[in-house]
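Working notes for the structure below.
The values are calculated or read from the model by the stated rules, or taken from the named source; none is laboratory data. None of these values were measured; they are calculated from a predicted model. A quick note on method: Cβ atoms are made from the backbone with ideal geometry, for glycine too, and the neighbour counts reach across all protein chains shown.
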Amino acid sequence: MGKLLRDVAIMGIGQTRFGEMWDLSFRILGIQAGMKAIKDANIESKLIDSLYIGNMSSGLFMDQEHISSMIIEEVGLTGAHVPATRVEAADASGALALRQAIFEIASGQSNVIVVGGAEKMTDVTSDVASDFIMAGADKAWEGLFGASLPSLFALMARKHMHDFGTTREQIASVAVKNHANGARNPFAQFQKEIDLDTVLNAPKIAEPLGVFDCFPVSDGAAALILADIDTAKEYCGEPIRITGSGQGSDTLSITNRSEITMFDSTIKASKQAYDMAGVSPSDIDVAEVHDSYTIAEIIAIEDLGFFPKGEGGRAVFEGETSLEGSIPVNTSGGLKARGHPFGATGIAQINEIVLQLRNKASGRQVKDARIGLAQNMGGTGGTSIVHILEVD
Amino acid sequence: MAVARFWRNQDQRYNLMGSECEICGRKFFPDKTMCPVCHRKSIGKMKSFRFSGNGTIESYTMVHVGMPQFKSQVPYILAYIALDEGDHVLGQLVDCDISEVSIGMKVEMVFRKISQEGKSGTIQYGYKFRLSG
């Protein structure tokens, strides 16, 4: 795959609070995140060459498509007819939008791009939302036979417990850790610590997973300003470089995979990203991973090479991924506590890593963080995207 | 859902009809038009293959909060099954209690009502599984 043709860096970041934002429309959420990012980057809007938006399903959740045009109108960039592109890969839409923007800058076609991610999910009832959420997996061969998205991750959890001796308590400890981190993030949907018993005794969704093993339904938007490194240095005191980007695919349905205790798409994406950046898993100081369900974080930290296969649960339970651990994971609170507005998640993960590398993550700052990683996944791993960020 | 969308896959849903690659002999469910191993060589060489419906439980879960159309059925057991001839299938496990189920158990396919779209909507039929050990 090789290196990018031009170095790319992040100049500014912004996001809304995630949660049930009944008083805020999709348009308002999007523009709030975008304006914060532009202000943070200290640039004039006229510098913007292009816009990308990651969004899974405005059609299902809002009965509105063509939101690229909607957003460009809302941010007032129609005068220059700035091109806007919507990108979709279920809940990996945000990271995929970023990846496309990276390529557009690296190819020399654009110098400055706004990359956003947004989803408005609470305008429908939770029943309807769970049906729409399942559209990121296989509706025809999983959904129509009774599978919901959490039930597919429950199958992975049961097999991980069976094959590697992972315990229910180890899986639950992911939620405890991520809620502890979310309590220190002012943008998080849940800013409250929970204990292990709360997770273990919560109403069951799909055994062994309960309510606290699952992401919440959220509204929210996140944005960042991406530029070639020369432009970034001109306007921004401390640009954060994106040194690695990787992407992998897998079958839409888990039934067509040989193994469900790992995500081959994540393994492929991370190898690509590590190779491009010239770093290894042990070089990563802080990581945001796709904990849509608690078991997904355990599998992710194994797939990313932070821990050997089967050791993920033990590592989380013993605190190796907590803020003071050897590799802090999901310092933002993750999808579990920060919230999971599908299209926004991939960008929010990157923004958390930027905050950490700028040493501006206040109550949840990881000491001496120089290299960070973000892993964003669509559905049950049909798409996985990994980015590596570094501060000079 | 449009009736045609379900109807066109009737053979797969009713009879576990998949496909077999004549080049490598691998079996696939649901059917594939191209073998993901043999690629171009498999074009025109994929033939229909009916799975026996016998398999082994690789994982299972008790679903308490399901999709809207399965609301009246909760709680129910969903199993991830390795079919004897190859590939996997996902289906409900019926006629048993969750306490009887464990990974590694043998199952067989049964033909059942899967779901119904409201009181007057289409009734959808297809495969479920039961313990056969």
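Some observations on this one:
- Of the candidates A:GLY12, A:GLY54, the single residue that is under 23 Å from A:GLY378 (Cβ atoms), touching a helix residue (DSSP H, G or I) at 6+ places or on another chain (Cβ under 7 Å) and either crowded, with 23+ Cβ neighbours inside 10 Å or not assigned by TED's automatic domain parsing to the domain that holds A:ASP91 (or both) is A:GLY54.
- A:SER326 being in contact (Cβ under 8 Å) with a residue 40 or more places away in the chain and either charged (D, E, K, R) or under 12 Å from A:VAL286 (Cα atoms) (or both): no
- Neighbours by Cβ (under 6 Å, 6+ apart or cross-chain): first from the stretch A:361-385, under 15 Å from A:GLY94 (Cβ atoms); second surrounded by fewer than 24 Cβ atoms within 10 Å (Cβ to Cβ) and of a type in the set (S, T, N, Q): A:THR383/A:SER249; A:ILE385/A:GLN247
- Answer residue from the stretch B:21-43, given it is within 22 Å of B:GLY91 (Cβ to Cβ) and out of contact with any Cys (no Cβ under 9 Å at 6 or more places or on another chain) and is surrounded by the most Cβ atoms within 10 Å (Cβ to Cβ) among those: B:PHE29
- Filtering B:VAL107, B:VAL89 for residues that are of a type outside the set (Lys, Arg), in contact with a Ser or Thr (Cβ under 8 Å, 6 or more places away or on another chain), facing chain A (nearest Cβ under 8 Å) and within 20 Å of A:SER151 (Cα to Cα) leaves a single hit, B:VAL89.
- Subset of the stretch A:161-195 (residues that are under 24 Å from B:TYR60 (Cα atoms), in contact (Cβ under 8 Å) with a residue 12 or more places away in the chain and either assigned to a helix (DSSP H, G or I) or small (Gly, Ala, Ser) (or both)): A:MET161, A:ASP163, A:PHE164, A:GLY165, A:ARG168, A:GLU169, A:GLN170, A:ILE171, A:ALA172, A:SER173, A:VAL174, A:ALA175
- Hey, A:LEU144 in contact (Cβ under 8 Å) with a residue 12 or more places away in the chain and hydrophobic (A, V, I, L, M, F, W, C) or not: no
- Within the stretch A:88-117, residues that are surrounded by fewer than 24 Cβ atoms within 10 Å (Cβ to Cβ) sit with their Cβ atoms under 6 Å from residues that are aromatic (Phe, Trp, Tyr), at 6+ positions apart or across chains, in these pairs: A:GLN100/A:TYR52.
- Listed here are the helices (runs of 4 or more DSSP H) enclosed by the stretch A:38-141 that have at least 3 residues being within 14 Å of chain B (Cβ to nearest Cβ): A:126-133.
- Selection status of A:VAL279, more than 14 Å from chain B (Cβ to nearest Cβ), hydrophobic (A, V, I, L, M, F, W, C) and in a helix (DSSP H, G or I): no
- Qualifying residue in the stretch B:9-22 (condition: part of a loop (DSSP other than H, G, I, E, B), at pLDDT 95 or above and either touching a helix residue (DSSP H, G or I) at 6+ places or on another chain (Cβ under 6 Å) or within 14 Å of chain A (Cβ to nearest Cβ) (or both)): yes
- For A:ALA154: the one exception among (1) buried (at least 23 other Cβ atoms within 10 Å of the Cβ); (2) closer than 21 Å to A:MET21 by Cα: (2)
- Residue that is nearest to A:GLU311 (Cα to Cα), among those in the stretch A:146-196 that are of a type in the set (S, T, N, Q) and within 14 Å of chain B (Cβ to nearest Cβ): A:THR166
- When the stretch A:263-296 is limited to residues that are polar (S, T, N, Q) and free of Cβ contacts under 8 Å to residues at least 60 places away in the same chain, the one that is nearest to A:ASN330 (Cα to Cα) turns out to be A:SER282.
- In the stretch A:197-228, the qualifying residues are those that are in contact (Cβ under 8 Å) with a residue 40 or more places away in the chain and part of a loop (DSSP other than H, G, I, E, B), and the one that is nearest to the other protein chains (Cβ to nearest Cβ) is A:GLU207.
- Here the condition is being within 19 Å of the chain's Cα centre (by Cα) and either of a type in the set (A, V, I, L, M, F, W, C) or surrounded by fewer than 21 Cβ atoms within 10 Å (Cβ to Cβ) (or both); of A:ARG27, A:ARG17, it holds for A:ARG17 alone.
This table checks each residue for (1) farther than 25 Å from A:GLU259 by Cα; (2) touching a residue at least 60 places away in the same chain (Cβ under 8 Å); (3) within 14 Å of the chain's Cα centre (by Cα); (4) assigned to a helix (DSSP H, G or I).
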| residue | (1), (2), (3), (4) |
| --- | --- |
| B:VAL37 | no, no, no, no |
| B:GLY44 | yes, no, no, no |
| B:SER52 | no, no, yes, no |
| B:GLY66 | no, no, no, no |
| B:LYS71 | yes, no, no, yes |
| B:ALA82 | no, no, yes, no |
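- Any hit, the stretch B:112-127, residues being more than 30 Å from A:SER126 (Cβ to Cβ), part of a strand (DSSP E or B), at pLDDT 95 or above and within 19 Å of the chain's Cα centre (by Cα): no
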